[in-house]
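Contents: one structure, followed by commentary.
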Amino acid sequence: MSDENESRAARLSRRAFMQGAVAGAAATALPAAQAQQARPGAQAGAATADAAAAQVMLNINGRSQAMRIEPTVSLLDAIRDHAGLTGSKKGCDRGQCGACTVLVNGRRINSCLSLAVMHEGDEITTIEGLEHGGRLHEVQAAFVEYDAFQCGYCTPGQICSSVAMLAEAEAGTASAATSAADLRGVLAPALSDAEIRERMSGNICRCGAYPNIVAALRAVHGKSA
Amino acid sequence: MKPAPFRYAAAQSLEHALALKAEAGEEARFLAGGQSLIPAMNFRLAQPAMLIDLNPLDDLDYITVDNGALRIGARTRYSRVEHCAEVARWQPLLAEVLPNIAHPQIRNRGTLCGNLSNADPASELPAVMLAAGARMHAHSAGGDRWIAAADFFINLFETALQPDEMLVEIELPALPARSGTCFIEVARRPGDYAMAGVAASLTLDANGRCGSASIALCNAGPTPMAAAAAAQLLIGGVLDAEAIAAAAAQAQEEVEPNGNVHCTADYQRHLAGVLTRRALTSAAARARQGTSA
């Protein structure tokens, strides 16, 4: 047997061994409920307290959608993989970058740090839900006008975060850049660049489009103020 | 990233949540904001067999004020505490620390009680609870009890809560007149966990001397670290630069930093001294001005 043949045989047997080992591990490590769920056509338990997939109704962009998902599925994965709305991006998947920011009942959250099953009955808005009748949301339009991106990967999260941020500012919410004492009695504070940067600190742009993002938001805020 | 499989139960009431927990014990974790628990599960650092979701419990989302004493419920999210005028008025230390907790998206979801139950010594909030003299209200299916903050944090990620108990609310005493507080930290980036941070609360007596003092540090040991001896040094004295420097030097002796990938233990100890001095200086000035923050 040549060296080449020998090594091919070794690879084959190693691959076969690995496949066997993985299958064996999966069979022993998976809880019965999940192993059952893996079989096509298997019935999942109806109880909520079950590790298997359950029927979850999510209201995304005004449309109610039923999906069968396991409790382990993040809101972000449900939006992207189950609802097919791939605008929301998975950047770090650990709550540090903000690329997955969506609005839940009008408040911005990181959809990677939330489980889909927690959001039945919530009103979820993603980047796809911001335009109306073919017209871009004013923040979307400003991002285009001010060239507030390079690669665009963080942009859906930046825009969703901005929409909530501007609403928060309009409601008179303070930030670390303006102390609560400074804001007492002020209903809608004018946002300085420092304010915008502080309030958008949960969204990272690796391309460094920050100056243009700030400019876009300054323009939108200036229009409404 | 996917967590290990778990069963999920949405709590229908506090009683329901407590009954589920009594049955499942340590196998189950309560899920509030999930901003620490979900990443910990994704990294398989936590693998609870069951999550009991407290998010449906709207009645646990509250901030009440009774004679200046604040009570904050288990489902109250950071952003509500951060923007609550009553919190800023009665316990400015808590209002001051909150912008340091991660970013707005996280603060829209995470809860104060969830953070405290997680007992991460790197987090700012356990230290603030020590400095503010908070009390924790624990409930189980069998009853309830109050636990002083000083007795609540046992070790790294370990609290005095029993497996069947839940932290249902915290109470912060009203800050007396002639008080000043300050929180200050050094972090690599705003919103990160601090390399070290200090919470200080000072109250002057009628003669302008230090009537009471408390100092607590985050990321300075296995639990939030109270610098009790340092605080004791200040009591009865004038809060001048010399007294504050002595207390800061003492605080450095009381911390047990471990160092991490961003900083050595020596640097954390150095920060503990510098930040204690700055926090006490600000708190003393605020107490003298009669503006607590």
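For region A:88-129, enumerate the residues that are closer than 24 Å to B:R75 by Cβ, in a loop (DSSP other than H, G, I, E, B) and hydrophobic (A, V, I, L, M, F, W, C).
Hit for region A:88-129 is A:C100, nothing else.
Of all residues in region B:214-241 being more than 16 Å from the chain's Cα centre (by Cα) and touching a residue at least 40 places away in the same chain (Cβ under 8 Å), which is farthest from B:A95 (Cα to Cα)?
Restricting attention to region B:214-241, the residues satisfying the condition of being more than 16 Å from the chain's Cα centre (by Cα) are B:228-241.
Pick out the ones that are also touching a residue at least 40 places away in the same chain (Cβ under 8 Å) and you get B:230, B:234, B:239, B:241.
Numbers: B:A230: 24, B:L234: 25, B:L239: 24, B:A241: 26 Å.
Across region B:214-241, the extreme among qualifying residues is B:A241.
Evaluate the following for B:D53: is it over 28 Å from A:N203 (Cβ atoms) and modelled with pLDDT of 95 or more?
Numbers: over 28 Å from A:N203 (Cβ atoms): no; modelled with pLDDT of 95 or more: yes.
Taking the combined requirement at face value, the residue does not satisfy it.
Residue-by-condition table, conditions (1) at pLDDT below 95; (2) assigned to a loop (DSSP other than H, G, I, E, B); (3) within 9 Å of chain A (Cβ to nearest Cβ):
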| residue | (1), (2), (3) |
| --- | --- |
| B:G34 | no, yes, yes |
| B:Q47 | no, yes, no |
| B:D59 | no, no, no |
| B:V65 | no, no, no |
| B:R71 | no, no, no |
| B:R75 | no, yes, no |
| B:V81 | no, no, no |
| B:P99 | yes, no, yes |
| B:Q105 | no, no, yes |
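Considering only region A:69-98, how many residues are within 11 Å of chain B (Cβ to nearest Cβ) and closer than 18 Å to A:R206 by Cβ?
Here the count works out to 8.
Which residue, of B:R89, B:R109, is part of a loop (DSSP other than H, G, I, E, B) and either farther than 26 Å from B:R188 by Cα or basic (K, R) (or both)? Quick ask: steps written out before the conclusion?
Values: B:R89 fails: part of a loop (DSSP other than H, G, I, E, B).
Unique residue meeting the criteria: B:R109.
Could you check how many residues of region A:60-84 are crowded, with 21+ Cβ neighbours inside 10 Å and closer than 19 Å to A:E131 by Cβ?
Qualifying residue count, region A:60-84: 2.
Residue-by-condition table, conditions (1) touching a helix residue (DSSP H, G or I) at 6+ places or on another chain (Cβ under 7 Å); (2) over 19 Å from A:S111 (Cβ atoms):
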{"position": "B:Y8", "(1), (2)": "yes, no"}
{"position": "B:G25", "(1), (2)": "no, yes"}
{"position": "B:L31", "(1), (2)": "yes, no"}
{"position": "B:F43", "(1), (2)": "no, no"}
{"position": "B:L51", "(1), (2)": "no, no"}
{"position": "B:T64", "(1), (2)": "no, yes"}
{"position": "B:N67", "(1), (2)": "no, yes"}
{"position": "B:R71", "(1), (2)": "no, yes"}
{"position": "B:T76", "(1), (2)": "yes, yes"}
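I need the helices (runs of 4 or more DSSP H) fully contained in region A:171-225, keeping only those with at least 1 residues that are crowded, with 20+ Cβ neighbours inside 10 Å and modelled with pLDDT of 90 or more.
Values: elements: A:180-183, A:193-199, A:210-224.
Result: A:193-199, A:210-224.
Filter region A:119-161 down to the residues that are within 11 Å of chain B (Cβ to nearest Cβ) and crowded, with 22+ Cβ neighbours inside 10 Å, then identify the one that is farthest from A:A190 (Cα to Cα). Outline the logic, then answer.
Step one: list which residues in region A:119-161 are within 11 Å of chain B (Cβ to nearest Cβ), which gives A:119-122, A:157, A:160-161.
Then drop every residue that is not crowded, with 22+ Cβ neighbours inside 10 Å, which leaves A:119, A:157, A:160-161.
On the way: A:H119: 33, A:G157: 23, A:C160: 20, A:S161: 18 Å.
The qualifying residue farthest from A:A190 (Cα to Cα) is A:H119.
Going by the conditions given, is B:E165 surrounded by 16 or more Cβ atoms within 10 Å (Cβ to Cβ) and either within 18 Å of B:N115 (Cα to Cα) or free of Cβ contacts under 8 Å to residues at least 60 places away in the same chain (or both)? Can you show your working first?
Details: surrounded by 16 or more Cβ atoms within 10 Å (Cβ to Cβ): yes; either within 18 Å of B:N115 (Cα to Cα) or free of Cβ contacts under 8 Å to residues at least 60 places away in the same chain (or both): yes.
Yes, satisfied.
Being among the polar types (S, T, N, Q) and modelled with pLDDT under 95 is the filter here; which residues of region B:255-284 pass it? Break it down into steps so the answer makes sense when it comes.
Just the residues of region B:255-284 that are among the polar types (S, T, N, Q), to begin with: B:258, B:260, B:264, B:268, B:276, B:281-282.
Of everything in region B:255-284, those that are among the polar types (S, T, N, Q) and modelled with pLDDT under 95 turn out to be B:N258, B:N260.
Which count do you get for residues in region B:1-32 that are buried (at least 20 other Cβ atoms within 10 Å of the Cβ), among the aliphatic types (A, V, I, L, M) and at the interface with chain A (Cβ under 7 Å from one of its Cβ atoms)?
Number satisfying all stated conditions: 1.
The values are calculated or read from the model by the stated rules, or taken from the named source; none is laboratory data. All figures in this text were calculated on a predicted structure; none of them were measured in a lab. A quick note on method: Cβ atoms are made from the backbone with ideal geometry, for glycine too, and the neighbour counts reach across all protein chains shown.
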